[in-house]
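Just below is one structure, and these are the notes that go with it.
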Amino acid sequence: MKRHESLIPISRQHHGGLLTARLLQHGAPAYKGMPTTPAAKRDYVLAFLQEHLLPHFKLEEETVFILASDFSEELQQQAAALQAEHRKLEQLILALPAVDAANLPDRLDKVGKLLEQHIRQEERVFFEIVQQKLPGEKLRLLQQQVLRHLGE
């Protein structure tokens, strides 16, 4: 999928999210330098949330979600659903320290699958509609907003 340049910085951030999503799922292969035990994976995803996911969610919510929501009701509904998934992912990850060791692998798998599904929905559906339906001037405005946000 060729991505419009206004969405490229956001799409690039999705790569780390997909790697993390796969790491958390049952049957994940060992990745060099990545945690292998459930407890280490839990600690990794908690740090990943703070360092990467929360800033990424903020970037999407303050740029592409707002601009797309102002453009059409269809995009507004999709942006609202994706934002609700942001909150759900955040809650699930923050609840991981309270999960007992026996249930931790299944809970990590659940988080990993939801994170992967969420990113795929953004990339394959939402971003495709955004770049097809938003006029050029809106996409240029989005690009300026994304770059400004990343420069903060």
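Between 131, 121, which is under 16 Å from residue 3 (Cβ atoms), touching a residue at least 60 places away in the same chain (Cβ under 8 Å) and in contact with a helix residue (DSSP H, G or I) (Cβ under 9 Å, 6 or more places away or on another chain)?
131
Within the group 77, 83, 91, which residue is under 30 Å from residue 138 (Cα atoms), out of contact with any helix residue (DSSP H, G or I) (no Cβ under 7 Å at 6 or more places or on another chain) and polar (S, T, N, Q)?
Among 77, 83, 91, only 77 is under 30 Å from residue 138 (Cα atoms), out of contact with any helix residue (DSSP H, G or I) (no Cβ under 7 Å at 6 or more places or on another chain) and polar (S, T, N, Q).
Just a yes or no: is a residue in region 22-35 under 27 Å from residue 125 (Cα atoms), under 14 Å from the mean Cα position of the chain (by Cα) and assigned to a helix (DSSP H, G or I)?
Checked region 22-35: at least one residue is under 27 Å from residue 125 (Cα atoms), under 14 Å from the mean Cα position of the chain (by Cα) and assigned to a helix (DSSP H, G or I).
All but one of (1) within 20 Å of residue 136 (Cα to Cα); (2) within 13 Å of the chain's Cα centre (by Cα); (3) loosely packed, with under 12 Cβ neighbours inside 10 Å hold for residue 9; state the number of the condition that does not hold.
Here residue 9 clears every test but (3).
Of the residues in region 35-88, how many are of a type in the set (Ser, Thr, Tyr) and surrounded by 16 or more Cβ atoms within 10 Å (Cβ to Cβ)?
So the count comes out to 3.
So the check is Cβ under 9 Å with 6+ separation or different chains; which pairs have a first residue in region 69-87 that's under 12 Å from residue 130 (Cα atoms) and in contact (Cβ under 8 Å) with a residue 60 or more places away in the chain and a second one that's assigned to a helix (DSSP H, G or I) and of a type in the set (A, V, I, L, M)?
Sorted first by the residue in region 69-87, then by its partner, the pairs are 71/130; 72/129.
Considering only residues that are among the β-branched types (Val, Ile, Thr) and under 16 Å from the mean Cα position of the chain (by Cα), look in region 95-122 and name the one that is farthest from residue 39 (Cα to Cα).
Result: 119.
Within the bounds of region 127-140, is there any residue that is at pLDDT 95 or above, part of a helix (DSSP H, G or I) and among the small types (Gly, Ala, Ser)?
No, region 127-140 contains no residue that is at pLDDT 95 or above, part of a helix (DSSP H, G or I) and among the small types (Gly, Ala, Ser).
Working carefully through the options 47, 80, 68, 40, find the one that is out of contact with any strand residue (DSSP E or B) (no Cβ under 6 Å at 6 or more places or on another chain) and at pLDDT below 95.
None of the other options fit; the residue is 68.
The values are calculated or read from the model by the stated rules, or taken from the named source; none is laboratory data. As the structure is a prediction and not an experimental result, all values here were calculated from the model. Heads up, the Cβs are rebuilt from the backbone with ideal geometry, glycines too, and the neighbour counts pull from every protein chain shown.
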